[in-house]
Amino acid sequence: MTFIEGVGTSIGPIVAVFMAAALLAAILTPFVRRVVLRYRIVDRPNARRVNTRPIPRAGGLAIAAAFLIVAGSFVLLNERADWVPTPLTLAQGDFLALFLGGAAAAALGGVDDLFNLRARWQLAGQLGLAFLAVALGIGVAVINNPFGDAPIRFIEPFSVGFTVFWIVGMINSINWIDGLDGLSTGVALIACVTLGLISLTTKVSQPLIAVLCFALAGALAGFLRWNFHPAKIFSGTSGVQFVGYTLAVLSILGSAKVAVALLVLGVPIIDTFWIIVGRVTRGGSPFAPDRSHIHHRLLDLGLSHRDTVFVIYGICVALGVLALLVSELTQLYAFLGVFVVSGLILFAPTRGAFGRPEELEAHAYETTDPDDEPADRDDG
């Protein structure tokens, strides 16, 4: 890994946007929490959830607002101040796809948080977001070839199809890993840092994209303060759709980063694949919710809530380091290794139903916070 010449000039803007986004998200999250509690927008306990009391959701609105304000302001100011160079390959449509599409993703997710839309309507919204990004110029036209020096180039129809698949797949991967306190937030944070660092290398050489990645990382870090176990608020559909969409677009803005994102987000992506396989082979719908995700199986195997989160964090960090240090071929082998191990975990026999209340750590959610009273009374 070799950093670009003059990388030091990008450190100041990176630190500034990270801290600003983190502070703004940390401030906005309690405000969002009070609002959603007032309207009883909560995740209620059920057989497949680990929370044992209603927890407010839609916290992703704070993540989205922090990123859009900080990153959008930086892009506008950078046009005059020229703190970091703007890549010639980036057009105005790319920024529009990132910011307008991100705002639309958060808004559509907020509608789901409020009305609990059916899966088919969620998928329709995700496809709409993906086609909006394509219409604004986002597309995967080339990827690195792990078996040779020449890159793999896609013809136009395949490029459009792959881009739509990538965006929708990324949103659902973040969505389906969002089953424990702080899990999807932390995994996305690790991915943002990795994508930001790779953008500063000679392999990609896009310092502005690095700044945007760290702006999203800061927003996630500020929200994680309230989302880590025991969570005070969940990101909700607004969060997973915004984060998934934004990560997908940021990884596309630089051909080398698609493969990096595929590796560092290997756990949620592979988990999504195996879950779909398992549901289809059992004759069910691939979108029917259940407790067969990798984090559920790790809990069933005996890990605590926090230990499970930290194990998945550790895997993602290790994959992120590999993405930065090794060749594309080694990255492919690492991805296949995670693919096999994840399959073994997901289909290995466990000790059965996850029904012992002490394992849910219900006491961790006990609170005397008066803001929770409306939701608790409504739970019945």
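Quick notes on this structure:
- Listed by position, the helices (runs of 4 or more DSSP H) inside region 276-380 whose residues that are under 24 Å from the mean Cα position of the chain (by Cα) and at pLDDT 80 or above number at least 1 are 294-300, 305-325, 328-347.
- The residues of region 77-113 that are surrounded by fewer than 16 Cβ atoms within 10 Å (Cβ to Cβ), of a type in the set (Gly, Ala, Ser) and closer than 19 Å to residue 199 by Cβ amount to a single one, 91.
- Residue within region 239-251 that is crowded, with 24+ Cβ neighbours inside 10 Å, in contact (Cβ under 8 Å) with a residue 12 or more places away in the chain, of a type outside the set (Gly, Ala, Ser) and more than 26 Å from residue 112 (Cα to Cα) present: no
- Inter-residue pairs, beta-carbon under 8 Å, first outside any helix (DSSP H, G or I) and in region 158-184, second buried (at least 24 other Cβ atoms within 10 Å of the Cβ) and among the charged types (D, E, K, R), 6+ apart: 177/271
- Per-region count, region 113-159, residues at pLDDT below 90, farther than 30 Å from residue 41 by Cβ and among the polar types (S, T, N, Q): 2
- Pairs meeting the criteria (first residue in region 78-95 and within 17 Å of residue 200 (Cβ to Cβ), second residue surrounded by 10 or more Cβ atoms within 10 Å (Cβ to Cβ) and polar (S, T, N, Q), beta carbons under 6 Å, at least 6 apart or on different chains) are 84/10; 87/206.
- Residue under evaluation residue 233, criteria (1) farther than 20 Å from residue 318 by Cα; (2) in contact with a strand residue (DSSP E or B) (Cβ under 7 Å, 6 or more places away or on another chain); (3) surrounded by fewer than 24 Cβ atoms within 10 Å (Cβ to Cβ), criterion not met: (3)
- Condition met for residue 123 (in a helix (DSSP H, G or I), touching a residue at least 60 places away in the same chain (Cβ under 8 Å) and surrounded by fewer than 17 Cβ atoms within 10 Å (Cβ to Cβ)): yes
- Residue 83 meets all of the listed conditions (1) assigned to a helix (DSSP H, G or I); (2) modelled with pLDDT of 90 or more but one, namely (1).
The values are calculated or read from the model by the stated rules, or taken from the named source; none is laboratory data. These numbers come from a predicted model, not from an experiment. Methodologically, a virtual Cβ is constructed for each residue, glycine included, from the backbone with ideal geometry; neighbour enumeration extends over all protein chains shown.
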